[in-house]
Every structure is written in C-alpha cells, then in structure tokens.
Amino acid sequence: MAKKYKESELQNLPSCAAEYIKLVIKKMRYRKKVRLDVQAELAAHFEDELRDCTTDEEKEQRAQRLIEDFGNAKLLAVLLRRAKKRCRPLWRTIVARTFQTIGVLILCFIVYCVYISLGKPTISVNYVEEATRLTRPVADESLNAAPIYQKAIDAYKEQPWVKDKTGIGGTFFLLDTEKDKDRGAGEINLLDAIREKKWVTELTEEELVLLKQWLSDNTDAIEFFKQASERPYCWWKREAEDNIMLGISMSELSPLRKIAGMMVWQAKLKAYDGHIKEAFDDLLVCYRAGRHLKGPRFLIEQLVGIAIHALSTQSILVILDNQHVDTRLLKDLQTRLEEIIDEDTYTINCEAERFFVLDFIQRCYTNNGRGTGYMIPDRVQEFMGRINGAKVSVQSNDEAEEALKFGEFLAISIASANRRQVMREVEKFYDSFEKYATKTPWQSHKENVDFEMGLGSWSSLKQARYWPVSMLTPTFGVGSKAGYCWKAQVDAVITTLAVIRFKQSTGNCPENLEGLVVAGYLKKVPSDPFSDKPLVYKKTDGNFILYSVGLDFKDDGGKVYRDEKGKVRLWGDEGDTVFWPVQK
C-alpha cells in the first residue's frame, strides 16, 4: 500500500493537503517505511473526507478545515511517531533500546577516554631528596664517609682480564659495562677467575702476579677506602633526571664491592706472609664498610652490604683454617667484632624501597583531593620505558604504531584500580613486611609467612587492576634470609674464635658451647636463625664442627650441599651450612 501511494497518493489531493502531509512526514524523522505508511494513511483519510466534494474550490475549503482540525504539523508528526513506536512489536523495541544503550555507552566510553588522556599529575613530594634524608642523620659533612669513598672510586684502577679457565664465562662483581670494552674473547675479570679459590696457594702463578700488581696499582684507592670506613655515617646525595625515583643512580655500588673484594685478597696475602694482625685489620675495614650500606636504604644497597660482610667474615675463617694465630690476636679480633656487631641490625629495611611505588603513584595518577584519582596513560608509558631501562616517548614516527601503543596504555589505565585502592594495597604490602621482617627464617617458616604478601595468590583480574603493586614491590623474602645468613655467619666466626682460644689454652676443644660461656670465652650461646636451637656444635677427634641447619630447616648432621659440579655451596637449598671446618 505504501508503495502504491508513494507515486500517486498525493496527486488527487488539493495542494494545501499535499503540502501539509509532506510537512508532517518530514517532521516525523522516523524510518522510511513507517513514514510512507503514515503518508498513505493521511492521504487516504483526506480522500475519504473530500470524496463528496464536487468542485475543486469545495475540496480546497474542506481540506483547509481538515488541516485546522489536525493542528500543528510538527506536533502531529511527534504524536504519530510515538503512536507508531507504541504499536511496533516487542522484539523490535528490545533491539532498538539495545542499540540505543550501546550507542550511549560507546559515547560515554569515548568521552571517558578523552577525559583520562588529558589528566595531569600533581607532584608534591621529591622522593629522591627523601631517600637522601633517610640516610643523613646529621648535618655535619665531616662525619660523612661518602666523599672519601668517592675518592677511592675515582682512584680505583680496574682489575685485569684473564683467560677463562673456570667455564663460568660471566661476571659476578657488578662490572661496569663501559669498562668491559677492553675485554678480549674468552676472558673474564680476575675476581671472577679466582672467586672459587679460598687461599693463596690455590692461585696460579699468573693469577698471583696479576693480583699483586692490581693491589699495587690501587694503593690510593685502598687507603681512601680505609679512611672512609672509619667514619660513623655514610650518605650519598641521590640524583635523578626530573627527580624520578626510577632514574636514581647508585653507581658507587659496583666499584665499592670490587674494592672490598680486592681488600679481602690483600688480607689473605698479608696473612699468608705472616702479617696476621694487618690481615684482620683489613677484613674489619671491609666489615665496617659493609655496615655503611645497611639501614634505611634501597634493597640493592643492603644486599651489597651483606655481600661485603659475607666476604670479610668468610675470609676470617679461611685465615684461621690456614694459619696459626696466637691467642692474643684471636681475643683482640673477637673483642673488636663483638663491639661492632652489638650495634648491627640484621633485618632488611624497606622504608626507602617504598618510595619507588609512592613516586610512581604521584606521577602516574591524578590527584582530585578525594584519593580516587585515575591512571594517566602517557605517564604510564613513560614509566614502563624507565622500568625497561630506557626513557620512552609517547611520540613515534609511525602514526599507526603510536596509536597502537597509546591504545595499549589507555587500556591499562582504564582497567587499573583508582589511586586510593592502589595506595591501600601498597601500604598493606609494606606494613605486612615490616611486621614479619623481625622474625627469623625459622619463625617465618613455622608460621608459613608469605613474603610475597599474598601477591602470588591474586586472581588474573586483580593482578590486572593492581599491576603497579606487583611490578614495583620487590620480593623481600630473599633479602630477609640473606640478612639472617649473615648473622649466623658472624656468630659462627665469633664462636670459632672462642673455641680456638679455648683449645689453645686447655689443649682440648670444649664439650659444648655452654662451657665456653661459663669459662668466659663467649658472651652467649649463638642461636641458629634457621632453627629453634643454637648453632650446632660437635666436638670431633682433635677438632670440632660448627654449622647451621641451613635453608631447608633440617639438621642433616653436618652434611654440606654440593652442586652438580661437586662444589660446596655454603647456603645451598639443601644440606647444612658448615662454617667449621672450612669446606675445601
């Protein structure tokens, strides 16, 4: 019917009626088929009313009255449109409403994307300065060891390269890649080449010559290192591009560890030549230097400090194993060590580490004053680039690639939780760690402490929403155990000194450690952080064994862990950690 009227339905009507119907149809703004149907219905209505008219004038007059009866064309169009909508089938209504809803949602989504893309952060705290403030308890620069350490670093001459006969092929002493350019094919640095060797007699003639030459070249660096270790405090003025925490530089760690490794071998050479006291003095210098990297510092600093402590204490045991040391020197070393460790702490401090996440939040989220700020896509892109080791710009020469990249980070921002929610999870993580950090590994083991603070059990959805927490918070479990490994080793050194003193005085090893305390050789029986008992001491035929049950929390009777190459690993995943006798 609609098609039939489309061509002829208005031809037989007066012009005023035809124009009126056209206007109504135009104002309806509805689907074409429905408008044609309405046009046909209106035309039929007019034809019915005008059928009795005999003249064109009479038709014109009656048509005018009908138009007046219908009223305003726009209003009639609205009413007709509503009527047609009410009369359409339910399924058509559902489809229409669905598409309308989808359209509104898409529009809202587009507006929201534009909104968050235009967000700006509020930078209110300079966390780089805060990191410096944490390690600077006093304002007197004359008490600061850092400037003298810097003199040592500036005077330091790099270690020589030697042919790799170990098969390790890599480096273990945080080498400066800029200096690696002089490395030849199949060569490794000297410290790596001899790191499995404990005593001077194990070195090849070439290694011994190179080691002595290297020590001679670094006389000034060693002297500055000694001077720095005597100062009570050490703070480095931290700097970073745009004061962004992820860009902070800790370039001093690599050379400090290498100088400490060099001094350990200098001490062994002195001990080998009979200069025992000077050797112990050098090892205590390293121990004090390691203390300068403890406390409220970044995790990597604390771990390097622990590594330096481990080098110095293990070297004391090696010297005791290879050289006879008179009772007077043993007592002096034990007294000095006890004085130093009385002020030590063995727990990892996470206060400075927290700054990385807090700085990320303030730079990558808006701050609306209510805590519910949202993540900013281009800021996230920049920080992700810094995490990957390079500053990434949101600009690209390829527009398609740029749009794809931005779309990826836009999606990340949309999926992420708001600022308040992320802050809540960050504070929960660090508060939990501080709660458990003072527990020994044995206590944590018995209580099933999760040093991932629940991050490992998060669902995929929660990981996507709170990814800054899982990405920027470190795994503190390894650091926490490292601190207590070092504590056990220090206690073992002091205990070994006491046992050897007792043996030199009485001719026999003590029956137990309680006897050392009673006799005044030891202040207290050392506890094993990896068990609920003291370090295990057993008197053997003319000697003794002293060990911790180790990382597996099981007493294996003093059986050590060996890797697939048969090498002893002091802190292996299995077996006991035997301090004495020193394992070959």
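Listed here are the residues, each with its yes/no results for (1) free of Cβ contacts under 8 Å to residues at least 24 places away in the same chain; (2) surrounded by 10 or more Cβ atoms within 10 Å (Cβ to Cβ).
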| residue | (1), (2) |
| --- | --- |
| ARG97 | yes, yes |
| ILE102 | yes, yes |
| LEU105 | yes, yes |
| PHE109 | yes, yes |
| VAL114 | yes, no |
| THR122 | no, yes |
| VAL125 | no, yes |
| GLU130 | no, yes |
| ALA146 | no, yes |
Can you tell me which condition ARG183 does not meet? The list is (1) over 30 Å from the mean Cα position of the chain (by Cα); (2) at pLDDT 90 or above, and all the others hold. (2)
Filter region 488-523 for residues that are part of a loop (DSSP other than H, G, I, E, B), exposed (fewer than 14 other Cβ atoms within 10 Å of the Cβ) and among the small types (Gly, Ala, Ser); which is nearest to the chain's Cα centre (by Cα)? GLY520
When you scan region 118-133, do you find a residue that is part of a loop (DSSP other than H, G, I, E, B), over 28 Å from VAL380 (Cα atoms) and at pLDDT 80 or above, even just one? no
Members of region 460-487 found to be touching a residue at least 60 places away in the same chain (Cβ under 8 Å), outside any helix (DSSP H, G or I) and over 27 Å from GLY305 (Cβ atoms), listed by number: none
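For region 247-267: of the residues being over 21 Å from the mean Cα position of the chain (by Cα) and aliphatic (A, V, I, L, M), which is surrounded by the fewest Cβ atoms within 10 Å (Cβ to Cβ)?
Let us first name the residues in region 247-267 that are over 21 Å from the mean Cα position of the chain (by Cα), namely 255-267.
So of that shortlist, the ones also aliphatic (A, V, I, L, M) come out as 256, 259-260, 262-264, 267.
Details: LEU256: 26, ILE259: 24, ALA260: 25, MET262: 25, MET263: 26, VAL264: 22, ALA267: 27.
Applying the filter and picking the extreme gives VAL264.
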For region 559-567, indicate whether the set of residues that are of a type outside the set (Phe, Trp, Tyr), in contact with a helix residue (DSSP H, G or I) (Cβ under 9 Å, 6 or more places away or on another chain) and in contact (Cβ under 8 Å) with a residue 60 or more places away in the chain is non-empty. no
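Rundown of residues vs (1) surrounded by 14 or more Cβ atoms within 10 Å (Cβ to Cβ); (2) outside any helix (DSSP H, G or I); (3) in the same structural domain as SER15 (by TED's automatic domain parsing), yes/no style:
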| site | (1), (2), (3) |
| --- | --- |
| ARG35 | yes, no, yes |
| GLN39 | yes, no, yes |
| ALA44 | no, no, yes |
| ASP52 | no, yes, yes |
| GLU60 | yes, no, yes |
In region 265-280, anything under 19 Å from ILE341 (Cβ atoms) and modelled with pLDDT under 95 is listed as none
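On the basis of being over 30 Å from GLN381 (Cβ atoms), in a strand (DSSP E or B) and at pLDDT 80 or above, does TYR537 make the cut?
Working: over 30 Å from GLN381 (Cβ atoms): yes; in a strand (DSSP E or B): yes; at pLDDT 80 or above: yes.
Answer is yes for this residue.
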Among the numbered criteria (1) under 28 Å from PHE298 (Cβ atoms); (2) touching a residue at least 12 places away in the same chain (Cβ under 8 Å); (3) not hydrophobic (A, V, I, L, M, F, W, C); (4) not in a loop (DSSP other than H, G, I, E, B), which one does ASP431 miss? (2)
Scan region 540-584 residue by residue and report those that are part of a strand (DSSP E or B), among the charged types (D, E, K, R) and buried (at least 17 other Cβ atoms within 10 Å of the Cβ). ASP576
Being in contact (Cβ under 8 Å) with a residue 60 or more places away in the chain and either over 14 Å from ASN349 (Cα atoms) or not polar (S, T, N, Q) (or both) is the filter here, so list the residues in region 434-445 that pass it. GLU434, ALA437, THR440, PRO441, TRP442, HIS445
Output for region 314-325, where each listed residue is out of contact with any strand residue (DSSP E or B) (no Cβ under 7 Å at 6 or more places or on another chain), surrounded by fewer than 24 Cβ atoms within 10 Å (Cβ to Cβ) and touching a residue at least 24 places away in the same chain (Cβ under 8 Å): GLN314, VAL318, ILE319, LEU320, ASP321, ASN322, GLN323, VAL325
Scanning region 215-246 for residues that are of a type in the set (Asp, Glu) and not in a loop (DSSP other than H, G, I, E, B), which turns out surrounded by the fewest Cβ atoms within 10 Å (Cβ to Cβ)? ASP242
Taking SER249 as the residue in question, decide whether it is among the hydroxyl-bearing types (Ser, Thr, Tyr) and under 22 Å from CYS286 (Cβ atoms). no
I need every pair where a residue in region 517-544 that is in contact (Cβ under 8 Å) with a residue 24 or more places away in the chain has its Cβ under 7 Å from the Cβ of a residue that is among the basic types (Lys, Arg), sequence separation at least 6 or different chains. PRO529/LYS487; PHE544/LYS538
For region 66-95, how many residues are more than 60 Å from the chain's Cα centre (by Cα), surrounded by 10 or more Cβ atoms within 10 Å (Cβ to Cβ) and free of Cβ contacts under 8 Å to residues at least 24 places away in the same chain? 6
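Go over the candidates ASN397, ASN388, ASN349 one by one and state the one that is modelled with pLDDT of 80 or more and either over 30 Å from MET471 (Cα atoms) or out of contact with any His (no Cβ under 7 Å at 6 or more places or on another chain) (or both).
ASN349
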Within region 333-356, is even one residue part of a loop (DSSP other than H, G, I, E, B), buried (at least 16 other Cβ atoms within 10 Å of the Cβ) and among the β-branched types (Val, Ile, Thr)? yes
Top-ranked residue in region 357-380 [being in a loop (DSSP other than H, G, I, E, B) and among the hydroxyl-bearing types (Ser, Thr, Tyr); ranked as surrounded by the fewest Cβ atoms within 10 Å (Cβ to Cβ)]: THR372
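Suppose the filter is among the acidic types (Asp, Glu), modelled with pLDDT of 90 or more and more than 16 Å from the chain's Cα centre (by Cα); does ASP326 pass it?
yes
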Mind listing just one residue for me: the one in region 541-563 that is at pLDDT 90 or above and under 23 Å from LEU330 (Cα atoms) and, of those, farthest from the chain's Cα centre (by Cα)? ASN543
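The values are calculated or read from the model by the stated rules, or taken from the named source; none is laboratory data. Here the structure is a predicted model, which is why all the values come from computation and not from measurement. So basically every Cβ, Gly included, is an ideal-geometry build from the backbone, and we count neighbours across all protein chains shown.
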